[in-house]
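Below is one structure; the comments refer to it alone.
The values are calculated or read from the model by the stated rules, or taken from the named source; none is laboratory data. Not measured: the values here are computed from a predicted model. Virtual Cβ from ideal backbone geometry, glycine too; neighbours counted across all protein chains shown.
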Amino acid sequence: MNSNVATKSITSVTDKTYKILEKENKYMSYTTRVPYYPLVVDKAKGSIVTDIEGNEFIDFLSSAAVINTGHNHPKVIKAINDQVKKFVHYTPAYMYHEPHTNLAEKLIEITPGNFKKRVAFGLSGSSSVDGAIKAARCYTGRTKIISFLRSYHGTTYGALSVSGYGVEMRRKMNPLVPDVEFIPYPDCYRCINNQKFPGCDLTCFRYFENLLETVLPKEEIAAVIFEPIQGDAGIITPPQKYYEKLVSLCRKNNILLIADEVQTGFGRTGKMFACEHFGLEPDIIVMGKAIASGMPLSAIVARSEIFESWNAPVHFFNTAGNVISCSAAIATIDVIKEDELISNANVQGNYIIDRFKPLMDKFDCIGDVRGKGLLIGVDIVKDRDTKERDINKTAKICWRCWEKGLILAFFSGSVLRIAPPLTLSSQEAERAMDIIEEAISDVEEGLIPDEVLEQIKGW
């Protein structure tokens with residue numbers, strides 16, 4: 001790791017940065033950004049990001065869990081450059097290209113489920129969620145989709161319609177896609193019924209059963225869409241028993257299971273896909289974010305019979321499956337395997353969680369630490385008994401980390417989002433945790449002014 005990162009104490013920002021921010025504020029739509037701090041990226045390599053001021057940061061965000069292979073991995077860059085020399089794009093909607101086909105083959109090989117599959121490409125996780133909804137309705141002939149409260153599936157109209165993240169996402173957006181019902185997600189830290197697992201007997205699942213017994217006929221449900229580990233809600237991992245009940249109910253009633261692996265896929269949780277932690281074999285898997293190490297691409301992998309039930313141009317995008325993005329994605333999968341990044345995700349993830357355990361004794365504001373691999377959430381609370389979210393303290397911790405040379409963000413209001421590249425070294429993990437400990441201590445001592453809350457908004 002660069003020694004400048006290890007010794008840095010306070011980030012330096014000048015008018016060079018603020019002039020760019022002023023221009024953005026003048027020209028960009030407000031809906032395109034949820035700001036954290038004034039960091040203008042200039043370059044990045046591995047787990048280190050450098051801003052236009054020359055400040056260097058350990059990256060604990062990975063561009064929102066996109067850069068799993070590390071910034072500018074040489075094998076990914078080579079694949080991109082080699083393809084650029086040949087041709088940049090020809091729509092696979094009308095013609096063929098080899099990387100498109102080879103990537104489809106690889107995705108079928110690495111996704112869970114020992115059955116025949118087919119692939120459809122998209123432009124973003126959101127667009128592929130839309131595609132999954134369309135495919136489920138087309139195949140089953142049913143209309144209703146079950147989703148979960150506090151879920152996040154994207155911002156296209158279909159994805160937004162099945163997202164239960166919050167009212168601000170939906171305000172002034174109606175009418176959304178109809179026939180979507182929401183049920184509680186099994187959040188054992190903040191149980192909606194104020195019970196504790198396993199004594200609760202999964203009353204959250206009972207809500208779903210009651211819905212089916214009273215107002216929602218089973219034969220009208222096309223699919224249940226779910227995040228195997230709920231991401232933007234704060235890294236919520238359901239009990240194995242919940243998934244056993246869900247799978248049993250869906251299989252019994254011919255309801256499809258759609259797994260949204262956009263954030264959790266490609267090694268992020270210490271498995272290639274988070275479904276593997278629970279032994280799940282979904283009928284449809286949606287993926288995006290890390291699929292091509294930052295190049296725009298998403299995909300849906302589904303049982304063959306599902307994708308054989310619809311026809312072009314139902315899910316048709318001119319630049320989906322772009323040849324450069326496909327080449328980058330093939331290299332991404334190879335790097336994850338060859339560099340043993342899944343193993344490293346588990347090693348570094350375990351280290352980070354173990355470092356937080358004594359911090360929970362030191363700082364009462366840490367209510368919970370949870371996650372798998374290098375998808376970790378740290379819940380910052382005002383009181384451990386009430387579990388009331390401490391939004392301001394969370395924001396200040398992230399701000400202080402930025403000042404000390406660490407990119408750390410938060411979501412769900414009060415959950416620190418720890419999602420570094422899977423290439424993270426032990427030295428980088430150690431230094432990053434030192435910074436987090438220092439930052440929490442500084443915030444607890446009142447060293448961070450309230451004025452920073454006007455700049456850091458968060459998710």
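Only one of (1) in contact with a strand residue (DSSP E or B) (Cβ under 9 Å, 6 or more places away or on another chain); (2) surrounded by fewer than 24 Cβ atoms within 10 Å (Cβ to Cβ); (3) of a type outside the set (A, V, I, L, M); (4) in the same structural domain as Lys117 (by TED's automatic domain parsing) fails for Asn346. Which number is that?
(4)
In the set Lys357, Lys372, Lys404, Lys396, which member is more than 22 Å from Leu39 (Cβ to Cβ), modelled with pLDDT of 95 or more and either aliphatic (A, V, I, L, M) or not assigned by TED's automatic domain parsing to the domain that holds Glu227 (or both)?
Lys372
Got a number for residues in region 40-58 being touching an Asp or Glu at 6+ places or on another chain (Cβ under 6 Å) and either at pLDDT below 95 or at positive phi (or both)?
Result for region 40-58: 0.
For Gly377, all conditions in the list (1) part of a strand (DSSP E or B); (2) more than 21 Å from the chain's Cα centre (by Cα) hold save one; what is the number of the exception?
The failed condition is (2).
Counting just the residues of region 108-157 that are within 19 Å of Ile221 (Cα to Cα) and aromatic (Phe, Trp, Tyr), which one comes out surrounded by the fewest Cβ atoms within 10 Å (Cβ to Cβ)?
Ranking the qualifying residues of region 108-157, first place goes to Tyr139.
Take region 387-433 and flag every residue that is part of a loop (DSSP other than H, G, I, E, B), closer than 25 Å to Glu53 by Cβ, within 21 Å of the chain's Cα centre (by Cα) and among the small types (Gly, Ala, Ser).
The answer is Ala419, and nothing else.
Could you please let me know if Pro313 is over 18 Å from Val129 (Cβ atoms) and not hydroxyl-bearing (Ser, Thr, Tyr)?
Judged against the criteria, Pro313 is a match.
Which of the following residues is more than 27 Å from Val262 (Cβ to Cβ) and among the basic types (Lys, Arg): Arg384, Arg417, Arg370?
Arg384
Within region 368-390, take every residue that is under 27 Å from Glu454 (Cβ atoms) and either in contact (Cβ under 8 Å) with a residue 60 or more places away in the chain or of a type in the set (Lys, Arg) (or both) and give me the one that is surrounded by the most Cβ atoms within 10 Å (Cβ to Cβ).
Among residues in region 368-390 that are under 27 Å from Glu454 (Cβ atoms) and either in contact (Cβ under 8 Å) with a residue 60 or more places away in the chain or of a type in the set (Lys, Arg) (or both), the one surrounded by the most Cβ atoms within 10 Å (Cβ to Cβ) is Gly377.
Only residues in region 172-186 that are over 27 Å from Cys200 (Cα atoms) count as the first member; pair them with residues that are among the hydrophobic types (A, V, I, L, M, F, W, C) and outside any loop (DSSP other than H, G, I, E, B), Cβ under 7 angstrom, at least 6 apart or cross-chain, and list the lot.
That search, which allows pairs on different chains as well, returns Met173/Leu160; Leu176/Leu160; Asp179/Ile145.
Please state which of the following conditions Ala44 fails to meet, knowing it meets all the rest: (1) within 21 Å of Met287 (Cα to Cα); (2) small (Gly, Ala, Ser); (3) out of contact with any helix residue (DSSP H, G or I) (no Cβ under 8 Å at 6 or more places or on another chain).
(1)
For region 67-81, which positions are of a type in the set (Val, Ile, Thr) and either surrounded by fewer than 23 Cβ atoms within 10 Å (Cβ to Cβ) or in a helix (DSSP H, G or I) (or both)?
Residues satisfying the conditions are Val76, Ile77, Ile80.
Please verify whether region 413-426 includes one or more residues that are in contact with a helix residue (DSSP H, G or I) (Cβ under 6 Å, 6 or more places away or on another chain), polar (S, T, N, Q) and either modelled with pLDDT of 95 or more or on the phi > 0 side of the Ramachandran plot (or both).
yes
Regarding Ser126, is this residue small (Gly, Ala, Ser) and either in the same structural domain as Ala65 (by TED's automatic domain parsing) or part of a loop (DSSP other than H, G, I, E, B) (or both)?
Answer is no for this residue.
Hey, can you tell me all the residues within region 191-247 that are on the phi > 0 side of the Ramachandran plot and either surrounded by fewer than 16 Cβ atoms within 10 Å (Cβ to Cβ) or free of Cβ contacts under 8 Å to residues at least 60 places away in the same chain (or both)?
Passing the criteria: Asn194, Asp201, Leu202.
I'm told Arg190 meets every condition in (1) among the basic types (Lys, Arg); (2) in a loop (DSSP other than H, G, I, E, B); (3) touching a Phe, Trp or Tyr at 6+ places or on another chain (Cβ under 6 Å) except one. Can you identify the failing condition by its number?
(3)
Restrict the check to region 304-314 and report whether at least one residue is surrounded by fewer than 19 Cβ atoms within 10 Å (Cβ to Cβ), out of contact with any His (no Cβ under 9 Å at 6 or more places or on another chain) and under 15 Å from Gly113 (Cα atoms).
yes
With respect to Gly458, determine if the residue is in a loop (DSSP other than H, G, I, E, B), among the small types (Gly, Ala, Ser) and in contact (Cβ under 8 Å) with a residue 60 or more places away in the chain.
Answer is yes for this residue.
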